[in-house]
There are 2 protein chains.
Amino acid sequence: MATVVQKFGGTSVGDTDKIKRVAERIRARMEEGDQVVTVVSAMGKSTDKLVDLANDITDSPDPREMDMLLTTGEQVTISLVVMALKELGVEAVSLTGWQAGIRTEPVHQDARITDIDPSFVQDYLNEGKAVLVAGFQGVSDDGDITTLGRGGSDTTAVALAAALQADSCSIFTDVTGVYTADPRYVDGARQLDSVSYDEMLELANLGAGVLHPRAVEFAKNYSVPLIVRSSLEDVPGTLVEEEVSMEENLIVRGLAFEKDITKISIERLPNQYETMSEVFAILAAEGINVDLIIQQTTSDHALNVSFSVDTDKLDRALELLEENKVHLCYSIVRHESLLAKVSIVGSGMISNPGVAADMFRVLSEEEVEIKMVSTSEIGVSAIVPEEAMIRAANALHTQFELGQKDKEKVEALQA
Amino acid sequence: MATVVQKFGGTSVGDTDKIKRVAERIRARMEEGDQVVTVVSAMGKSTDKLVDLANDITDSPDPREMDMLLTTGEQVTISLVVMALKELGVEAVSLTGWQAGIRTEPVHQDARITDIDPSFVQDYLNEGKAVLVAGFQGVSDDGDITTLGRGGSDTTAVALAAALQADSCSIFTDVTGVYTADPRYVDGARQLDSVSYDEMLELANLGAGVLHPRAVEFAKNYSVPLIVRSSLEDVPGTLVEEEVSMEENLIVRGLAFEKDITKISIERLPNQYETMSEVFAILAAEGINVDLIIQQTTSDHALNVSFSVDTDKLDRALELLEENKVHLCYSIVRHESLLAKVSIVGSGMISNPGVAADMFRVLSEEEVEIKMVSTSEIGVSAIVPEEAMIRAANALHTQFELGQKDKEKVEALQA
């Protein structure tokens, strides 16, 4: 008998008919003899409706009260799924975050899970019941209701799977799995059978959007086998796990891209040890996430620093730099918007130093201007003009043969 | 500095504009220097919408899951009221039932409060915060979310007032107070300045509908001064308290009436000690509430029993009697629908035995047929034809001079 955790997102429980289908899926899994814990999100647009109510009242809703408000969404879903299960003759019980023993930091809207006491869930499983847990929510030590921020229900599912030492955690979503690239934009993009935690983490952080990075991190830390699969079709998904077998350990496994990026350049900063930390501390204090960073020294020993931010953070970043102009003692700030980021990801890059060069060659052949570059152990990212993003992604997808089955590629490598 | 508890029902928090007005009322009360706890219901029709969702899924929703579902309604309201208060610059905090320490029996949909730990609420009051508590809900000792049944938010407010030893508990509603009779139907019906717990209890049980009987009972048991007042206009309400001063201790204080009543008669039951208990145990086991009961012995020592029920319980009652015909050993069952109950209430009746006679005289003068009668220490009820209900109520209201101010009546008595 296996213990499995499954998670269904807002689209999968968007109306009462879809909720009935989720109940049928749970029943099917129960009939295989497994212990089943299911985490659900709020129904479709219900969170938006709650946010609208709050916005009717105030422009700056209190974070504690937003958590109080929004957590009702998942509470509605769990009760309805249990009703649907009972209608099918399946014994089931719903639990809110605090009832499921999910404890978090005393932080609102973006709390991290600190601890899970799975005994309540386990007791119900031992009674043979399907357990429904409200995603996205927990309780702090001082008894406040908290939420886990974006992708929170994924994190709830993975954390519960870790606490219950479950055999797997399935994330049901509106795609059939993890793709080599977004198939809406890249010809020949193909679903992967498996991907490593690190690759998934890199893809998730690069905006591939299927799984929340925090959930992947949690899965990696606790070695929870994750399965990304479709809530609409009964087809195999993508397995995210630690060990991807050697032959599948290909150089490039997938690519990601996102637009609405702006490059900001600060010219002629004093060339001192503390300069870099001062610049980025000012931005971090206001929650402005900086992605790629380039530092150059001019011929007369001044410092030029460039970095990329999401374009919607541009105005605030410029304001902050202007406010701190005297303190930072720079000469001028420039910025360039309408940029995009294209990235390739693959564990095999560690031992294949030529991959970045291959990427730059492809981009140059496509006459795509490279504005900035960054590399990690398992990825290379390039900032390019937004208009060239899709063209670059398609060219890279072809160059690295991502459209071919892993097996074919391995055979080709071995031939 | 006084501690006050206030309760606003679903109509008073029906939309975000109304929620802002409730917040302004709370602020005004805070500015008087009082500690203010406010209990709110779910917004207007939101409970109906949740019930519709459940009905989409099943005809017989699980009671535990209905509690899980419906309690989200009050949770939404408390968070929105706190947001509105913060927008007005008032420090405030919201608490669900379990956070406010409201513990109940392990029963769903109609649990009784067993205990309140007010320390959490008190701590926030001591910090100078307005405290918003979700009405209608609590938590059982095994950690399940429970609800208090109809009128549950009134009960939450009164119970919190008792636990906090509050100076008063105001129930804000869509009428300005307790009336001598329903002013929509009775000419000259007048708002009462005060009424005793027992009178209010009798009126509430007789369907006057302003306050839930359980809340009044709670207020009486813990001597919580209750004020029924308007959430729309800033006018004095009606005070419900133990000691109504002697001069106000009038014979008849108010009257109530309700329709959709059916009289059921069982003829020729065996005249044995256990007969009555057997008949009513069968009905009680199925939750059929019996109101008035008449028992007569026929000339040949058989037993005839008549009782009144709500008409919507008629079919089930007849079924049960038919099923038990052999066991109960009666001859025939008859029933008469389209009846109504008219009742007069007043603490002074105890020492005024002529009141019932006066009532019957008035009804006879109005040619209203009396089908059944029952009396309590402070009330007399008569079952009459439905078509005569309003006529009877108006005649009784006039006869007992309920339209006159208490003071005038006392002066007239003393003259």
Taking protein heavy atoms only, a 1.4 Å probe, and rounding to whole percent, the accessible area of chain A owed to carbon and sulfur comes out at 46
Expected field for B:Ile282, accessible surface area in Å² at 1.4 Å probe radius, rounded to 10, holds 30
Taking alpha-carbon centroids only, region A:53-91 lies from region B:126-162 a number of Å equal to 19
If one builds a Gaussian network model of chain B from Cα atoms under 10 Å apart, the most fluctuating residue listed among B:Ala317, B:Ala100, B:Ala204 is B:Ala317
When A and B pair up, the total accessible heavy-atom area removed from solvent (1.4 Å probe), in Å² to nearest 100, is 3400
Partner shielding of B:9-16, as the mean number of partner chain Cβ atoms within 10 Å, equals 1
Those residues in region B:141-167 that give up at least 10 Å² of accessible surface, probe 1.4 Å, once the partner protein chains are present instead of the chain by itself are B:Asp142, B:Gly143, B:Asp144, B:Ile145
Percent antiparallel among DSSP beta bridges confined to the protein assembly as shown, rounded to 5, stands at 60
Per GNM of chain A with C-alpha springs under 10 angstrom, the most fluctuating residue out of A:Gly128, A:Gly151, A:Gly403 is A:Gly128
Residues hit by the 30 Å² burial cutoff in region A:48-71, accessible area with a 1.4 Å probe, assembly against chain on its own, are A:Leu53, A:Asp56, A:Ile57, A:Thr58, A:Asp62, A:Arg64, A:Glu65, A:Met68, A:Leu69
Any residue on another chain or 5+ positions along whose placed amide H is under 5 Å from the amide H of B:Thr38 is listed here as B:Gln6, B:Val131, B:Leu132, B:Val133
Inter-copy distances for A:Gly33, nm, shortest first, label points 7 Å along Cα→Cβ, are 7.4
The correct pairing of chain B residue and whole-Å distance, for the Cβ nearest the axis that maps B onto A, is B:Thr72, 2
If labels are modelled 7 Å from Cα along the Cβ direction, A:Asp115 lies from its partners in the other copies at nm distances, smallest first, of 2.3
Connecting every pair of Cα atoms under 10 Å apart in chain A and solving the GNM, the largest mean-square fluctuation among A:Ala340, A:Ala281, A:Ala388 falls on A:Ala281
Expressed in nanometres to one decimal, the distance between label points 7 Å along Cα→Cβ at B:Asp300 and B:Tyr222 is 5.8
What one gets for region B:47-108 as the Kirkwood radius, inverse of mean 1/r over different Cα pairs in Å, is 13.6
By accessible area (1.4 Å), largest first, A:His327, A:His108 order as A:His327, A:His108
Taking a ≥ b ≥ c as the square roots of the Cα gyration tensor eigenvalues, with a/c under 1.5 meaning rounded and otherwise prolate when a/b beats b/c or oblate if not, region A:118-176 comes out oblate
Counting only DSSP beta bridges fully inside chain A, the antiparallel percentage to nearest 5 is 60
Once the mean of 1/r over all distinct C-alpha pairs in chain B is inverted, the Kirkwood radius in Å reads 23.3
With Cα coordinates, the longest principal axis of chain A makes an angle with the long axis of helix A:46-57, in degrees rounded to 10, of 70
Given the candidates B:Ile19, B:Met1, B:Val93, the one whose Cα lies deepest towards the positive end of the charge dipole of region B:1-134, counting +1 at each Lys or Arg C-beta and -1 at each Asp or Glu C-beta, is B:Met1
FRET efficiency for A:Arg316 and A:Thr375 from the Cβ-Cβ distance with R0 = 22 Å, rounded to 0.05, comes out at 0.20
Partner aspartates and glutamates whose C-alpha sits under 17 Å from that of B:Lys18, ignoring same-chain residues fewer than 8 away, are A:Asp52, A:Asp56, B:Glu74, B:Glu87, B:Asp174, B:Glu233, B:Asp234
Given a 1.4 Å probe, the accessible area of region A:255-414 per residue, as a whole number of Å², is 52
Averaged over the residues of B:86-95, the number of partner chain Cβ atoms within 10 Å of each residue's own Cβ comes to 3
Output row for A:Asp17: copy-to-copy label distances, label 7 Å along Cα→C-beta, ascending, in nanometres, one decimal, is 3.6
Using a 1.4 Å probe on heavy atoms of the protein chains only, the accessible area for B:Arg27 in Å², nearest 10, reads 80
Here FRET efficiency (C-beta to C-beta, B:Ser331 to B:Glu365, R₀ 41 Å, nearest 0.05) is 0.65
To the nearest 10 degrees, the tilt of helix B:63-87 (Cα long axis) against the first principal axis of the alpha carbons of chain B is 40
Using alpha-carbon positions, the gyration tensor of region B:329-397 gives root eigenvalues a ≥ b ≥ c; with a/c under 1.5 called rounded, otherwise prolate if a/b exceeds b/c, else oblate, the class is oblate
Per the charge dipole of the protein assembly as shown (beta-carbon charges, Lys/Arg positive, Asp/Glu negative, Cα centre), the residue among A:Thr38, A:Ser60, B:His397 reaching farthest to the positive end is B:His397
DSSP beta bridges in region A:3-174: the antiparallel percent, rounded to 5, is 20
Sorted by chain and number, the residues with a modelled amide H under 5 Å from that of B:Trp98, at a separation of 5 or more or across chains, are none
The long-range amide H neighbours of A:Asp260, using H built 1.01 Å from N in the peptide plane and a cut-off of under 5 Å, are A:Leu339
Largest-first ranking of B:Ser277, B:Ser381 by accessible area, probe 1.4 Å, whole protein assembly kept, is B:Ser277, B:Ser381
For region B:3-174, shape from the Cα gyration tensor axes a ≥ b ≥ c, cut at a/c of 1.5 then a/b versus b/c, turns out oblate
Order by accessible surface, 1.4 Å probe, largest leading, for residues B:Phe307, B:Phe120, B:Phe400 comes to B:Phe120, B:Phe400, B:Phe307
Applied in sequence order to region A:229-242, the curve 6.51 cos²θ - 1.76 cosθ + 1.60 (Karplus, θ = phi - 60°) yields integer Hz couplings, x standing for Gly and Pro, of 8, 7, 7, 9, 10, 8, 10, x, x, 10, 8, 10, 8, 5
Averaged per residue, the 1.4 Å probe accessible area of region A:49-192, protein heavy atoms only, in Å², is roughly 35
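The values are calculated or read from the model by the stated rules, or taken from the named source; none is laboratory data. Note that the coordinates shown come from a computational prediction; the quantities given were computed from them, not determined experimentally. Cβ atoms come from the backbone with ideal geometry, glycine included; neighbour counts cover every protein chain shown. Just the protein is used for accessible areas: all its heavy atoms, side chains included, with ligands, DNA and RNA removed. Shrake-Rupley method; radii C 1.70, N 1.55, O 1.52, S 1.80 Å.
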